[in-house]
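**Student:** Attaching a single structure in structure tokens format; questions to follow.
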Amino acid sequence: MNRRQFSRLTTLGLAAAALPPAGVPVSAQPPVSALTNEKTNPRRGAWFKEARFGMFIHFGLYALLGRSEWAMFLEEIPVGEYERLKDRFNPTEFNAKEWVQIAEDAGQRYITITSKHHEGFSMFNTKLSNYSIMHTPFGRDLCGELAEECHRRGMIISFYFSLMDWHHPAYQQSLKPRTPVSPEFIEFMLGQVRELCTNYGKLGAIWFDGGWDHTPEQWQAEKLMAMIAKLQPDTLINNRTGLPGDFSTPEEALGEPNKPGRLWENCMTINDNWGYDSGDGRYKSPGEIVHLLVKAVAGGGNLLLNVSPLPIGKIDPQEAANLRDAGKWLKRNGESIYGADVFRPIYYDKTFTTAKGDKVYLHMLDWPPGVGCDIWQINLQSARKAYFLETGQPVEFTHSHALGLRLVTRNPNPLPSPDTVVVFEGAEPLKQLEI
Ligand code: JFZ
């Protein structure tokens with residue numbers, strides 16, 4: 001769903017169908033168990049902070065229509081008509097190796113794929129429904145092949161799973177907001193999540209979505225989480241069951257700066273749509289991708305950047321090219337991203353900081369700087385030395401009371417870059433990290 005479609009839902013009075021239910025005061029919600037505590041055990045959350053950059057993949061029957069993943073709902077296509085798409089679903093060009101290679105070249109450390117989106121079509125080998133990829137001309141377990149390739153290559157695999165299901169007969173009654181979810185559907189949903197947690201090896205995260213029409217109690221979210229914790233104790237769970245889970249998922253926005261220590265991941269489209277939209281050519285440039293990543297990490301979060309495979313099973317070549325280009329910057333500057341965390345916020349939209357150990361990384365998105373080079377509101381007086389991350393060339397700096405940090409060295413960075421990083425060694429970031 002893109003912004004235009006989202007605002008259309010609002011005008012149709014269907015905002016409830018696109019937003020978590022409003023009006024429930026936080027204090028009125030039931031207490032959450034240890035499983036749903038907002039503080040994730042640091043050991044379980046470690047991979048997430050180390051990885052920082054992931055590939056989101058929205059792929060399903062909707063790719064055949066090429067009008068984004070909400071087409072069934074927005075165009076009011078009847079179930080009987082929509083489900084016939086499965087007879088044409090045949091992404092013969094799909095190659096798990098190629099997808100994982102693109103992610104790897106982009107410097108992404110995990111992949112989150114739609115195992116089932118709101119359309120209700122399973123992209124994995126489920127035994128609980130015939131409405132799955134196994135019952136198409138393609139007839140292969142795409143999620144399974146991808147998971148296997150990820151495990152082979154050390155890429156982390158996570159599954160997106162929509163709670164809402166526009167197709168399943170037992171969910172039809174529940175399509176109205178605030179109606180209960182039938183026990184039959186809950187059994188089906190729990191069964192499918194059980195399959196995902198059992199048949200595909202170790203999962204990085206389960207990324208729920210589409211729960212907004214129902215309360216966590218109606219979804220039996222506590223039971224769901226307890227089941228996952230039993231089958232996959234280290235798998236992280238996002239916050240879209242309505243319970244906090246392990247991490248927040250601000251969409252097209254940057255983070256949860258007011259909740260220090262909370263894991264979060266910014267999910268974004270690489271153009272204007274999640275699912276393939278044949279008319280969408282508004283690609284984010286490699287530089288924009290780098291900037292989004294830097295901003296997320298500077299705020300202590302991850303970036304999950306979406307790609308939309310074409311019906312034949314290929315990732316859009318332009319998306320792949322831009323990702324690969326962004327990856328070139330990461331190959332040279334990854335030290336300032338992977339496992340890095342918040343140093344402190346800087347309220348200037350071209351300069352950000354990340355930190356790791358006793359190093360602070362100053363990210364300058366518009367190097368070489370214009371008039372002067374005073375970095376306001378940042379104090380790195382304790383730093384012993386500074387240098388350009390890409391070249392190792394030293395950078396001279398001073399401090400002034402009025403302006404904070406001043407870089408004396410202006411221009412020796414030879415490489416044009418979407419983000420010029422200066423490393424400060426011996427700074428005092430650790431106190432900031434533990435806020
Ligand atoms: C949901 C899906 O409906 C969409 O198709 C896509 O998969 C995206 C990643 O997630 O869309 C949402 C969910 C939450 C909000 C907005 C769109 N929200 O909280 O504002």
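Every number here is computed from the coordinates shown, using simple stated rules; none is lab data. Since this is a predicted model, take the numbers as computed values, not measurements. A quick note on method: Cβ atoms are made from the backbone with ideal geometry, for glycine too, and the neighbour counts reach across all protein chains shown.
**Student:** Can you pull the Rg over Rh of segment 44-336, Cα-only, Kirkwood? Can you show the working numbers first?
**Tutor:** Working: Rg = 18.0 Å, Rh = 19.1 Å.
Here the Rg-to-Rh quotient is 0.94.
**Student:** I've got another one for you. Among 49/97; 328/350; 39/284, which pairs are too far apart, with a Cα-Cα distance over 23 Å? Display every interim value, and only then the final one.
**Tutor:** Numbers: 49/97 25 Å; 328/350 20 Å; 39/284 33 Å.
Exceeds cut-off: 49/97; 39/284.
**Student:** If you rank 267, 150, 197 by fewest surrounding Cβ atoms within 10 Å, what's the result?
**Tutor:** If I rank by nearby Cβ atoms, fewest first, I get 197, 267, 150.
**Student:** Let me ask something additional. Antiparallel as a % of all DSSP beta bridges within segment 44-336, to the nearest 5? Write out the running numbers ahead of the final one.
**Tutor:** Numbers: 3 of 34 bridges.
Restricted to segment 44-336, the bridges split so that about 10 percent are antiparallel.
**Student:** So what are the ³J(HN,Hα) numbers for segment 46-52, from phi and the Karplus equation (6.51, -1.76, 1.60; θ = phi - 60°), rounded to whole Hz, Gly and Pro as x?
**Tutor:** Result, ordered by residue: 4, 4, 5, 6, 5, 6, 6 Hz.
**Student:** Could you please report the charge total around residue 134, scoring K, R as +1 and D, E as -1 over all other residues with beta-carbon less than 11 angstrom from its beta-carbon? If you can, show how the numbers build up before the last one.
**Tutor:** Details: positive: 86, 127, 140; negative: 141.
Value of the local net charge: +2.
**Student:** Here's another thing I want to ask about it. Skipping prolines and chain starts, which residues have an amide H placed within reach, meaning under 5 Å, of the one on residue 277, given they are 5 or more residues away or on another chain?
**Tutor:** When sequence neighbours closer than 5 places are left aside, the close amide H contacts are 68.
**Student:** Strictly over 20 Å apart at the Cα level, which of 116/259; 202/295; 86/314 would you flag in this model? Present the calculation step by step, with values, prior to reporting the outcome.
**Tutor:** Working: 116/259 30 Å; 202/295 29 Å; 86/314 18 Å.
Violating the 20 Å limit, Cα to Cα: 116/259; 202/295.
**Student:** Here's something else I'd like to know. What net charge is computed for the residues neighbouring residue 323, neighbours being all others with C-beta under 12 Å from the C-beta of residue 323, Lys and Arg scored +1, Asp and Glu -1? If you can, show how the numbers build up before the last one.
**Tutor:** Numbers: positive: 284, 324, 328; negative: 104, 105, 288, 316, 319, 325.
Result for the local shell: -3.
**Student:** Assigning unit charges at the beta carbon (Lys, Arg +1; Asp, Glu -1) and nothing else, what dipole magnitude in debye, to the nearest 20, does segment 119-174 show about its Cα centre?
**Tutor:** 100
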